[in-house]
Amino acid sequence: MSGLTLRPDPHPARRSEVVSAPHVMRAGSLAAGLVVVLILVSQALRPVYAFRPPAGAPEPTFKAYLDRSAPLVLRHYDVPGMVISTVIRGAPARTYAYGFADRERRKPMTTDTVFRVASISKSLTAWGVLRLVQEGKVDIDAPIQRYLSHWPLPKSKFSTLGVTTRRLLNHTAGLNAGADQFRRPDEPAKSPLEMLAREGDGPAVGPATLVSQPGAAYRYSVPGYTLLRLLLEEQSHQNFQDYMKAQVLLPLGMTSSSFDWDGPLHSRTATPYQANGRPMPVLIPEDVAADSLFSTGPDLARFVAAPLPDDNLPAGAYVLTTQSVERFYASADRMPGIQLEGLKLDGPGLGCFIEQLPNGGVIITNGGYDPGWASQFYIVPGTGDGIVVLTNSEAGEPAIAEILADWAAWRGLPPMKMTRAHYVLRMNVALVLGIMVMISLYFGSNVIVEVGSGARRLGALTLAALAGSVFETTLVLGLMALWILLRVPIVTSMPIFYDFGAFAISLCALVAMARLVFPRVPVLGNASASSFEPVAPAAGKRPGALAGATITP
């Protein structure tokens, strides 16, 4: 431009510092966020107790280990109490009790404390059914309708001929899921016919019915076990509870177990606790065969040992034959549609589930998870090992997973899928929280930089501003929804991160609100407001001249 010269900035180093400072702040925020992610993930993958018991150690060593680790696990996951029973070489070994049967009354947990073991009931019910099968009273692969004179399955577009005893036991009969129903101990119990008449799915009360082709897919079904209860009662001519006590529980030596909450069990029953740590009353399931067994750690250890031969008893413990025991944990035929990944298992057995070991062996397992209770058992036929873990909290699953990891290490077994799934969940939660913090730090540093440069200025927070800031408004609402979704997994799997999770959500929301309160200054042309500094007209300068340079005629 004729007659004008562009004079260089006399302080280029200072100018360089001003320009590079925002980049340093942004890079620092990302680095800090990455450190937070790494710390959270490392904590998520770390067991509650830093050590595992040595493989093959004698039982007193394992007990000494549990005496240190179990109380830490209970405190970490806010579980009141726990009972652990082990099986070694096919025989019940030791039972350990930790924590409180009733936290408010400071009543300690004991080895003979009674628990309701929820769906573990199905495994015992399966043994009752297999008794009828081995006695020739029931063909396990015949249509169950052949044995039910009082309940014809409602008509559907699927044939009822495929509904067999085997498929009812392994949840592949195609019946609807139903729902657990409970009553107070002083309320009258419903008969199986009354239950079947109201166990249908849907908004209105209706009968249990077929909702998919029998044998085509795994579909968990509570009404299926009500049908099995009816089968047992019709073929044995006995009340279900009486039949199970006479034919299964007492022959196995389970003298402290019952499908009724008998009077003698009342004073020994633990107080159940909700996930929030509050006590709740003992409720009785209406679906008796599926959910209503009350038992103890030593009694369930006898059941876990029953399929395993030892020096004194054959497989089946004279309750079932060896052939019936093999049926008990025989997996269903591999068929398209049987997907158990969500259950952390490989396939359904009869009243139990199957997990495949890397060496080709199998593990038999089942768990009971109901309001106030959490329990799990494992049987390893190849080694003669087994374990029962019982808790009086519906949030007890992560604590059980920790104990299972210790037991597997002690017995030289690979980690159970339940334990691996527990740590995967912890890692995923940690990643989500860490990434949220990292993003918050990055966008927060951006807001600070842009406010300092004048690219953002304080504005009025109006409805119009909220409507115009779609990203920020959506982010705030999305964070609220995310906290609702994450709250339960955090509480149950990583309670120590609960406060941090609330902090991470709050930090994200705070940054989003800051972006709303300090909106961007409108962009003029192709240059942003942060590209220029306002310069007042002065002698020797022209309005609008580039900051950092002077123009002289």
Residue within region 359-378 that is closer than 19 Å to Ala55 by Cβ, over 15 Å from the mean Cα position of the chain (by Cα) and modelled with pLDDT under 90 present: yes
Contacts under 6 angstrom Cβ, first residue in region 408-436 being of a type in the set (Val, Ile, Thr), partner not in a helix (DSSP H, G or I), 6 or more apart: Val429/Met494
Number of the condition not met by Lys245 [criteria: (1) at pLDDT 95 or above; (2) among the basic types (Lys, Arg); (3) touching a Pro at 6+ places or on another chain (Cβ under 9 Å)]: (3)
Some residue of region 18-30 being outside the structural domain of Ala317 (by TED's automatic domain parsing), modelled with pLDDT of 80 or more and touching a Leu at 6+ places or on another chain (Cβ under 7 Å): yes
Subset tally (residues that are in a loop (DSSP other than H, G, I, E, B), out of contact with any Leu (no Cβ under 6 Å at 6 or more places or on another chain) and not β-branched (Val, Ile, Thr)) for region 80-116: 8
Any pair with Cβ under 7 angstrom, 6 or more apart, that starts in region 255-274 at a residue that is under 18 Å from Gly99 (Cβ atoms) and ends at one that is of a type in the set (Gly, Ala, Ser) and in a loop (DSSP other than H, G, I, E, B): Pro272/Gly372; Tyr273/Gly372; Gln274/Gly372
Residue in region 157-173 that is farthest from Leu283 (Cα to Cα), counting only those that are surrounded by 15 or more Cβ atoms within 10 Å (Cβ to Cβ) and of a type in the set (S, T, N, Q): Thr160
Cβ pairs under 7 Å, 6+ apart, first in region 52-77 and over 27 Å from Arg426 (Cα atoms), second part of a helix (DSSP H, G or I) and not β-branched (Val, Ile, Thr): Ala57/Trp410
Any hit, region 174-186, residues being buried (at least 21 other Cβ atoms within 10 Å of the Cβ), over 23 Å from Ala246 (Cα atoms), at pLDDT below 95 and of a type in the set (Gly, Ala, Ser): yes
Residue match in region 270-278 (condition: among the charged types (D, E, K, R) and either surrounded by fewer than 22 Cβ atoms within 10 Å (Cβ to Cβ) or in contact with a Lys or Arg (Cβ under 8 Å, 6 or more places away or on another chain) (or both)): yes
Cross-chain or 6+ apart pairs with Cβ under 8 Å, region 357-386 first and assigned by TED's automatic domain parsing to the domain that holds Leu313 and on the phi > 0 side of the Ramachandran plot, then buried (at least 22 other Cβ atoms within 10 Å of the Cβ) and of a type in the set (Ser, Thr, Tyr): Gly372/Tyr273; Gly372/Ser393
Single residue of Thr95, Thr125, Thr111 found to be assigned by TED's automatic domain parsing to the domain that holds Asp260, modelled with pLDDT of 85 or more, among the hydroxyl-bearing types (Ser, Thr, Tyr) and buried (at least 23 other Cβ atoms within 10 Å of the Cβ): Thr125
Selection within region 390-427 - farther than 16 Å from Ile84 by Cα, out of contact with any Pro (no Cβ under 9 Å at 6 or more places or on another chain) and of a type in the set (A, V, I, L, M, F, W, C): Leu413, Met416, Met418, Ala421, Val424, Met427
Complete set of residues in region 399-441 that are closer than 16 Å to Phe503 by Cα and of a type in the set (Ser, Thr, Tyr): Ser440
Any hit, region 117-136, residues being in a strand (DSSP E or B) and touching a residue at least 60 places away in the same chain (Cβ under 8 Å): no
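The values are calculated or read from the model by the stated rules, or taken from the named source; none is laboratory data. Predicted model only: the values in this text are computed from it and were never measured. Glycine also receives a Cβ, built like all others from the backbone with ideal geometry; neighbour counts cover every protein chain displayed.
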